[in-house]
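Asks: Please read through the structure below; I'll follow up with questions.
What follows is calculated from the coordinates using simple rules that are stated; it is not laboratory data. Keep in mind it's a predicted model, so treat the numbers as computed, not measured.
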Amino acid sequence: MSSHSKSGVLHLPTRRSEPVAVQQQPADVPPPAVRATLKAAPAIRNVYWCEFPRDMRQPEFWKTRPVIVMSYKNTLSGPILVVPITTKPQIDDRWAVKLARNPNPKEDCDVWVVCNHLYTVGCGRLSAFGGVVPRLTPEEFRPIHELVLKWIPPLLPLDSASSTS
C-alpha cells in the first residue's frame, strides 16, 4: 500500500481473483425509484422491517429484517441510517446488544442489535410491522447508541510528522 501525501490518494495493491458473476445495470441507468410506503418520516429509535438487497456479501446483512433508526431529522425522500436486529445469538460479539424485549409485536424470541453494521437505506426499503411502528424507549436505545459511537472511533489529532510532508 502506498500513499501520496499531498493529494491524500491511497493506492491499494491489486490482486487477481476469480470473476464474480454479478448482474449490474449499465452505469448510466439510475436505480429504480421506489415510493415509500411509510406515511411519516422515520424517527430515531423507531423499528421497521428493512428489505436489504439480496446480493449482499458475507458478513453483510441481507433479506428482510427488523432495523432500528439511528439518524434523526429524516425525510421520506432522504437517506436513513439504521442498525439491524437479528435472532441469531450474538453472545460472544462485543458489538451486539441484547434487547430486553423483542420490538416485533408478533414475536417474543430473543433479539440482538448488531451495532457495528451501520447501513444507509432509502425509505422505500422500510415498512411497518402490519401498520404498527414500534419505538425503543430512551433507556433501551442508550446502550445501542453508545456502542455505535464506540465502533466509530474519535478523530485523533494529526500526527505532526505526517502533516508536514
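Asks: Would you please classify the overall shape of the range 33-152 from the alpha carbon gyration tensor, given that a ≥ b ≥ c denote the square roots of the eigenvalues, rounded means a/c under 1.5, and beyond that prolate means a/b larger than b/c while oblate covers the rest?
Replies: rounded
Asks: With a ≥ b ≥ c the root eigenvalues of the C-alpha gyration tensor of the range 91-130, is it rounded (a/c under 1.5), prolate (a/b larger than b/c) or oblate?
Replies: oblate
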